[in-house]
Amino acid sequence: MTKIVVLTGAGVSAESGIPTFRASDGLWEGHRVEEVATPEGFRANPELVLDFYNQRRRKLLSPDVKPNAAHVALANWEASLPPSDFLLITQNVDNLHVRAGSKNVVPMHGELLKARCVDTGEVFPWLDDITLETPHPKRPDQLGRLRPHIVWFGEMPLEMEKIGEALIDCDCFVSIGTSGKVYPAAGFVQMTPTECWRVEINLNSSDNSQAFDDSFVGHATEQVPRFVDAWKKRYGS
Ligand code: BV8
């Protein structure tokens, strides 16, 4: 049986109405990355950063944002396989893979619907805004002690050991909707075994397209189901 590792980026959620990071001129919903996605930016202007994530959390929770055909195709593919043979690593902080039914998901850059205590690192499910007046869920007399459970630039991504173990042992690595600009995720393809089938699914080529054996070019909602069919033909469903 083949072992499959999938890596997704913002492009897999684009057709669900969630903006990608580098579609515009390097600005991210009107902000410079350094201002809103670094610990330094958070220390310098916590209200700006908290509001940036509050806006994105509200959008994610709006009724018009839901999993698209790419999320669903990945969940169905996983369901057709033994659980230990499929790992979905996502750089995205939305919950659309899990809402589509994916089970073995590693949100390596954190999760928009969780908050983290800045003092203890404890993580809590979180659907509301986080502000400097938000009481701590366990110490309500303490305000403003929460941050988004997000991995910012300069911070270590989550579950890197589990990710590394899966990458060195996989037979098929599929990168979907990522520009290949952010490390360590952009380097994952290089960690797979030489005989691994490396596939990229993207609207156009990315910074590390040359590392892949095959490319499926187009919208994820069309190309992911098309790729899964190709995989089933190659390995048998
Ligand atoms: C770390 C927060 C170490 C979550 C994010 C110099 C060289 C190499 C590396 C570095 C360097 N200087 C600094 C670094 C390290 C740095 C880095 O890589 N910087 C880059 C910019 C050079 N990385 C880090 O800091 C990481 N940590 O290295 O820690 C360490 C060691 C010891 C101790 C402590 C630490 C942390 C990286 C995580 C940063 N957080 N986001 C959030 O707010 O959302 S990264 C951010 O970019 C998002 O998570 C996002 O997922 C990620 C990658 O972007 P993409 O997902 O690829 O999105 P993008 O818009 O770029 O591309 C979309 C793609 O989709 C495009 O290709 C497009 O064509 C395609 N597409 C669009 N629509 C569709 C589509 N495809 C198909 N269908 C469609 N419809």
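The values are calculated or read from the model by the stated rules, or taken from the named source; none is laboratory data. Every value quoted in this text rests on a predicted model; they were computed, and no experiment measured them. Cβ coordinates were reconstructed from backbone atoms using ideal geometry, including for glycine residues, and neighbour counts include every protein chain displayed. The area values use the complete protein model at the heavy-atom level, side chains included, leaving out ligands, DNA and RNA. Shrake-Rupley method; radii C 1.70, N 1.55, O 1.52, S 1.80 Å.
Worth pointing out:
- Meets criteria (out of contact with any helix residue (DSSP H, G or I) (no Cβ under 8 Å at 6 or more places or on another chain) and open to solvent by less than 20 Å² (accessible area, probe 1.4 Å)) for Phe188: no
- Boolean, Leu87 is open to solvent by 20 Å² or more (accessible area, probe 1.4 Å) and not in a helix (DSSP H, G or I): no
- Test result for Val182, within 16 Å of the ligand (Cβ to nearest atom), in contact with a His (Cβ under 9 Å, 6 or more places away or on another chain), among the β-branched types (Val, Ile, Thr) and more than 18 Å from Leu50 (Cα to Cα): yes
- Residue count for the stretch 24-78 under the criterion of being among the small types (Gly, Ala, Ser) and touching a Gly at 6+ places or on another chain (Cβ under 7 Å): the result is 1.
- Residue match in the stretch 191-202 (condition: at pLDDT 95 or above, of a type outside the set (Lys, Arg) and within 7 Å of the ligand (Cβ to nearest atom)): yes
- Condition met for Phe153 (of a type in the set (Phe, Trp, Tyr) and either under 21 Å from Phe86 (Cβ atoms) or under 14 Å from the mean Cα position of the chain (by Cα) (or both)): no
- Each residue in the stretch 205-229 was checked for being open to solvent by less than 90 Å² (accessible area, probe 1.4 Å), part of a helix (DSSP H, G or I) and more than 8 Å from the ligand (Cβ to nearest atom), and 7 of them qualify.
- Sub-7 Å Cβ pairs linking a first residue in the stretch 158-169 that is over 14 Å from Val6 (Cβ atoms) to a second residue that is aromatic (Phe, Trp, Tyr) and in a helix (DSSP H, G or I), at least 6 apart or interchain, number zero.
- Of the helices (runs of 4 or more DSSP H) entirely within the stretch 1-79, those holding at least 1 residues that are over 20 Å from the mean Cα position of the chain (by Cα) and surrounded by fewer than 16 Cβ atoms within 10 Å (Cβ to Cβ) occupy 39-44, 46-60.
- Positions within the stretch 93-107 being open to solvent by 10 Å² or more (accessible area, probe 1.4 Å), within 13 Å of the ligand (Cβ to nearest atom) and within 16 Å of Val65 (Cβ to Cβ), in sequence order: Val93, Asp94, Asn95
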